[in-house]
Amino acid sequence: MGTVAKALELLDLFSRARPALGLSEAARLAGLNKATCHRLLGELQARGFVEQAGAAREYRLGPAVLRLAALREAAVPLRAMAQPMLERLADETGETAHLSALEAGRLRMLAWAYPAEHVTRVMMADTDTLLFHATSSGLAVLAYLPEAARAAVLAEPLPRLTERTESDPDAVRARLVEVRSQGHAESAGSFEAEVHSLAVPLFDTEGAVTGALAVAAPVMRMTGALRGRIRDRLIAAAMELNDQGGGAVPPDLAALWRGAMKG
């Protein structure tokens, strides 16, 4: 692994659940010796990508990350476009709506909205990464990845998070066939035991999958009527979001979505 890759891996250690890191913890998590880790963090700090704060002098993300994030959002305002739609989805379904984006081979949580209707709801604040095999968003994206990328994901260990997590690659592949035939993905109790979610993929101008739009509800509240309402609202929102962003939806999927909306 080159120096740049190692430095980027250090940046990738930060998350909502882990906003600050000491040197020893960063070295352990990155699999680096402390001297190398200290040198890399020093270089990142000199360029504003990390900074040290507090009495323990822990590292946290620096202002340069905010600058790049702002430039990205200005060029491709996905979050700004999606937030009003997420809020509308949450209101229409009465459940948590969220958006994820494909980033360096991982599916990252980008934005979410909570419904006003229920106090008991699926919370997303501590979720940074959605596993491909264990979430509806992951399955929606995985179904439309190029075969080489899909094979790489399924070649990795697929951890079992709950009793309902499917960890057999062949079984996951079978699920992906269902996703493509239905036009949406569904997951019940496989990421968190009490969560049932539906998701649809999003695409860029070249037709490459870029992420997913999803709605998640407590299992106890998911009825056939709610499931149908979530599916219909998700499809309508995804069609609108893809149109706004110039996303090229694959023709077979677009036909499925049009058929679902007419039905």
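The values are calculated or read from the model by the stated rules, or taken from the named source; none is laboratory data. Not measured: the values here are computed from a predicted model. Counting neighbours? That spans all protein chains shown, and the Cβs are built from the backbone with ideal geometry, glycine included.
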Exercise for the section: Go through the range 19-56 and count every residue that is surrounded by fewer than 14 Cβ atoms within 10 Å (Cβ to Cβ), without any contact (Cβ under 8 Å) to a residue 24 or more places away in the chain and outside any helix (DSSP H, G or I). Expected result: 4
Problem - Tally of residues being among the hydrophobic types (A, V, I, L, M, F, W, C), in a helix (DSSP H, G or I) and farther than 18 Å from residue 160 by Cβ across the range 172-218 - result: 3
Fill in the blank from the handout: Out of (1) assigned to a helix (DSSP H, G or I); (2) without any contact (Cβ under 8 Å) to a residue 24 or more places away in the chain; (3) touching a Leu at 6+ places or on another chain (Cβ under 9 Å); (4) not polar (S, T, N, Q), the one residue 80 does not meet is (3)
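Considering only the range 139-155, how many residues are surrounded by fewer than 20 Cβ atoms within 10 Å (Cβ to Cβ) and in contact with a Lys or Arg (Cβ under 9 Å, 6 or more places away or on another chain)? Write out each step before concluding.
From the range 139-155, those surrounded by fewer than 20 Cβ atoms within 10 Å (Cβ to Cβ) are 145-152, 154-155; that's our starting set.
Next cut, in contact with a Lys or Arg (Cβ under 9 Å, 6 or more places away or on another chain) only: 150, 154.
Within the range 139-155, residues that are surrounded by fewer than 20 Cβ atoms within 10 Å (Cβ to Cβ) and in contact with a Lys or Arg (Cβ under 9 Å, 6 or more places away or on another chain) number 2.
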Completion exercise
Of the candidates 149, 155, 174, the one satisfying the condition of being in contact (Cβ under 8 Å) with a residue 40 or more places away in the chain, assigned by TED's automatic domain parsing to the domain that holds residue 201, more than 19 Å from residue 234 (Cα to Cα) and over 15 Å from the mean Cα position of the chain (by Cα) is 149
Exercise for the section: Answer with yes or no whether residue 101 is buried (at least 17 other Cβ atoms within 10 Å of the Cβ), farther than 20 Å from residue 225 by Cα and touching a helix residue (DSSP H, G or I) at 6+ places or on another chain (Cβ under 9 Å). Expected result: yes
Exercise for the section: Tell me, yes or no, whether the range 109-119 has at least one residue that is more than 30 Å from residue 245 (Cα to Cα), modelled with pLDDT under 85 and surrounded by fewer than 13 Cβ atoms within 10 Å (Cβ to Cβ). Expected result: yes
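For residue 20, indicate whether it is out of contact with any strand residue (DSSP E or B) (no Cβ under 8 Å at 6 or more places or on another chain) and among the small types (Gly, Ala, Ser).
In short, no.
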Practice task
Check residue 105 against each of (1) more than 24 Å from residue 190 (Cβ to Cβ); (2) out of contact with any Lys or Arg (no Cβ under 6 Å at 6 or more places or on another chain) and name the one condition it does not meet.
Solution key: (1)
Exercise for the section: Pairs only if they're at least six apart or on different chains, beta carbon under 6 angstrom, first in the range 121-145 and assigned by TED's automatic domain parsing to the domain that holds residue 93, second in a loop (DSSP other than H, G, I, E, B) and charged (D, E, K, R); list them, first residue then second. Expected result: 126/16; 128/16
